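See structure below.
The values are calculated or read from the model by the stated rules, or taken from the named source; none is laboratory data. All of these numbers come straight from a predicted model, not from anything done at the bench. Glycine gets a Cβ as well: all are built from the backbone with ideal geometry, and neighbour counts include every protein chain shown. Side chains are part of the model used for accessible areas, which takes the heavy atoms of the whole protein and leaves out ligands, DNA and RNA. Shrake-Rupley method; radii C 1.70, N 1.55, O 1.52, S 1.80 Å.
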Amino acid sequence: MTEIQTPTPRDAFELLMAGNQRFVSGTPEHPNQDATRRTEIAPAQQPFAVVFGCSDSRLAAEIIFDRGLGDLFVVRTAGHVAGAEVLGSIEYGVSVLDAPLVVVLGHDSCGAIAAARAAADGGRVPGGFVRDVVERVTPSVLAARAAGRDQAEEILAEHIEHTVDLLLERSRALAERVAAGRLGVVGLSYRLADGSAQLVASRGLDAAVPAAS
């Protein structure tokens, strides 16, 4: 497999999606997972993508994108809700490590989204800090419904796109790099059953988002 030394946002996106296709088809190559790679990157890291995903145990980025050590700078929270620590971590991956791509990775059957849908319907809101997660997802549920989209996959797409836009609205560092053509920010929806990651949002990258069926 040929690696690109200084990938553009488009290069990074294609590397990531090629890995996902290998995972889906059952032909993973497990790149950069040996002792040589471990030694090579010990002095410094240069990941080609920042992946901000849900903490769900079925959403391990290096596995579903068939990547290895030093390839992905991964940030995860339940429901991929973004607070100051998340924004700081993503900015570090982009501004300090110079990653050309940021990925927001959501998935079907997300517990945080299900809880937010239930809360929006008048159900019980979880206690403790789980409540904070649900409250941060709820605006996406309400926005989707206001636009006449109430199916689970439609709400998921809305929440992923909302997160993509939130990152760019709140982070000047990310927005400036996108404007300069140095960064792409995409939203992917992962399907648990078949392992595929589908593009649902794209900023700063000439990638076509499939029309909703």
Using the Karplus curve 6.51 cos²θ - 1.76 cosθ + 1.60 with θ = phi - 60°, work out ³J(HN,Hα) for each residue of the range 167-177 in order, rounded to whole Hz, and write x for Gly and Pro.
-> 4, 6, 6, 8, 10, 5, 4, 5, 4, 5, 5
What ³J(HN,Hα) values, in whole Hz, does the Karplus curve 6.51 cos²θ - 1.76 cosθ + 1.60 give for the range 88-94 when θ = phi - 60°, with x put for Gly and Pro?
-> x, 5, 5, 4, 4, x, 8
Can you pull the semi-axes for the range 134-202, root of five times each eigenvalue of the Cα gyration tensor, sorted largest first, whole Å?
-> 23, 17, 9
Determine the relative contact order of the range 4-90: mean sequence separation of Cα pairs under 8 Å and six or more apart, normalised by residue count, in whole percent.
-> 33 percent
For the range 1-62, what is the charge dipole size about the Cα centre, in debye to the nearest 20, if Lys and Arg each add +1 at the Cβ and Asp and Glu each add -1 at the Cβ?
-> 80 debye
Mean projected area (nm²) from the convex hull of Cα positions in the range 6-74 is 5.0 nm²
Once normalised by the length of the chain, the mean sequence separation of its alpha carbon contacts under 8 Å that are 6 or more apart gives a contact order in percent of 21 percent
Can you pull the three principal axis extents for the Cα set of the chain, in Å, largest first?
-> 54, 39, 37
For the range 179-187, Karplus-derived ³J(HN,Hα) couplings (6.51, -1.76, 1.60; θ = phi - 60°; whole Hz; x for glycine and proline) come out as 4, 7, x, 9, 9, x, 10, 10, x
Please give the per residue accessible area of the chain, computed with a probe of 1.4 Å over protein heavy atoms only, in Å².
-> 49 Å²
About the Cα centre of the range 71-138, how large is the charge dipole given +1 on each Lys and Arg Cβ and -1 on each Asp and Glu Cβ? Please answer in debye to the nearest 20.
-> 320 debye
Give me D for the range 48-115 in µm² s⁻¹, whole number, from Stokes-Einstein with Rh from the Kirkwood sum over alpha-carbon pairs, 25 °C and 0.890 mPa s.
-> 199 µm²/s
Of Ala120, Val51, Val185, which is farthest along the charge dipole of the chain in the positive direction, counting Lys and Arg as +1 and Asp and Glu as -1 at C-beta?
-> Ala120
In whole percent, how big is the carbon plus sulfur part of the accessible area of the range 1-130, probe 1.4 Å, protein atoms only?
-> 54 percent
Ser202 long-range amide H proximity, modeled H, under 5 Å | Gly187
Rounding to the nearest 20 debye, state how big the charge dipole of the chain is about its Cα centre with +1 on each Lys and Arg Cβ and -1 on each Asp and Glu Cβ.
-> 320 debye
